[in-house]
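Take a look at the structure set out below.
The values are calculated or read from the model by the stated rules, or taken from the named source; none is laboratory data. Computed from a predicted model, the values in this text were never measured in an experiment. Here the Cβ positions follow ideal geometry from the backbone for every residue, glycine too, while neighbour counts run over all protein chains shown. Just the protein is used for accessible areas: all its heavy atoms, side chains included, with ligands, DNA and RNA removed. Shrake-Rupley method; radii C 1.70, N 1.55, O 1.52, S 1.80 Å.
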Amino acid sequence: TSPTVKNSYPDTPEGFLPLGFLALDLAKALDLPLFDPNDGNKQVGANAYPKAGNALLGKDPKKPDLVVATNGGSDLIYLPQGDKKLADRTVKALLEQDYVSGIFVEDKLGKLPGTLPLSTLSLRGKAVTPHPAIVVNFRSYSTGCDQPTLCSVEIADTVLRQGQGMHGSFSRGDTMNFMAAIGPDFKAGFASELPVSNADVGITAAHLLGLKRKPKGTLMGRVMTEAMPNGLVPKSFATTITGKPATNGLRTVLKFQRVQEQRYFDVAGFPGKTVGLPELAKTAGAK
């Protein structure tokens, strides 16, 4: 659905999305000039794209209305002025593109149909760096193997070309990673189905070394006791959060697991448009 596939761009095969496609499409949909922060804030002309895909949208690149930051399988959108009307227009433009699968919006901008709030992802914090107003997840799909997570393909806004690999989407193919440990402090020949994350590695290592760390914030991870001899094997609980549908029926869905106080995000997006997130079952009488 992207207007960019009807144009020709340097180093871009015919019919392919060019680098910076999201910024180009939003500039067109919102009728805003587009400037390249990676090229001295120069305005991007016709049949051209920003060098790294990042973009400043608005009349003045030094005071942009909207900023797009590429992130591979997802992109981040910043609204420096916190404009709620612009947020609404942006989301509506995103919902029209078939390469989008899932939209998360800063809580202060309101509950917009088709989206979920950023707080559901724990992306609201006290960092001094700018916080994204909108996180856009790109579509992913399986090439047809018997294990879709091993042969998934994702749309990506990146300087890399097709086949060079990318991650950063909310596809289960991206979030389902492999972790292994070996040594006297771990069980031998043990496979666990409990979720773990990078956040758990450091705190587990500290535990094994007998180090006591004072927590900074709440995103600390947990000690992976289930992998240790005579260690506690906690229970996990699966949860699904579903947003309200947009006028076109699209809605963002988030699935995650909880172990003790920790949450592990499994998959998110529009059902049927993200690997690991099948279409929602229709209820009786539904159309």
Is it the case that segment 84-91 has a residue that's within 13 Å of Gly20 (Cα to Cα) and of a type in the set (A, V, I, L, M)?
no
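Results for (1) modelled with pLDDT under 95; (2) under 13 Å from the mean Cα position of the chain (by Cα), shown as yes or no for each residue.
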{"residue": "Leu86", "(1), (2)": "no, no"}
{"residue": "Leu94", "(1), (2)": "no, no"}
{"residue": "Gly102", "(1), (2)": "no, yes"}
{"residue": "Ser119", "(1), (2)": "yes, no"}
Give all pairs with beta carbons closer than 8 Å in which a residue from segment 252-265 that is under 11 Å from Leu194 (Cβ atoms) meets a residue that is open to solvent by less than 20 Å² (accessible area, probe 1.4 Å) and small (Gly, Ala, Ser); count only pairs at least 6 apart in sequence or on separate chains.
Gln262/Gly221
Working only within segment 66-81, note down all residues that are open to solvent by 40 Å² or more (accessible area, probe 1.4 Å) and assigned to a loop (DSSP other than H, G, I, E, B).
Asn71, Pro80, Gln81
Those strands (runs of 3 or more DSSP E) lying entirely in segment 102-200 with at least 3 residues under 19 Å from Pro271 (Cα atoms), of a type outside the set (Ser, Thr, Tyr) and in contact with a strand residue (DSSP E or B) (Cβ under 7 Å, 6 or more places away or on another chain):
134-138
Which residues, taken from segment 168-180, are of a type outside the set (S, T, N, Q), out of contact with any His (no Cβ under 7 Å at 6 or more places or on another chain) and closer than 20 Å to Gln257 by Cβ?
Phe170, Arg172, Gly173, Met176, Phe178, Met179, Ala180
Given the options Gly165, Gly183, name the one that is open to solvent by less than 40 Å² (accessible area, probe 1.4 Å) and free of Cβ contacts under 8 Å to residues at least 12 places away in the same chain.
Gly183
Considering segment 250-272 alone, what residues qualify as being touching a strand residue (DSSP E or B) at 6+ places or on another chain (Cβ under 7 Å), in a loop (DSSP other than H, G, I, E, B) and open to solvent by 50 Å² or more (accessible area, probe 1.4 Å)?
Arg251
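Can you tell me which of Pro18, Pro10, Pro61 is more than 19 Å from Leu94 (Cα to Cα) and open to solvent by less than 60 Å² (accessible area, probe 1.4 Å)?
Answer to the check: Pro61.
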Within the set of pairs 6+ apart or on separate chains, which have a first residue in segment 11-24 that is farther than 17 Å from Asp75 by Cβ, a second that is open to solvent by 70 Å² or more (accessible area, probe 1.4 Å) and outside any loop (DSSP other than H, G, I, E, B), and C-beta atoms under 7 Å apart?
none
Which one is farthest from the chain's Cα centre (by Cα) among residues in segment 218-232 that are polar (S, T, N, Q) and loosely packed, with under 14 Cβ neighbours inside 10 Å?
Asn230
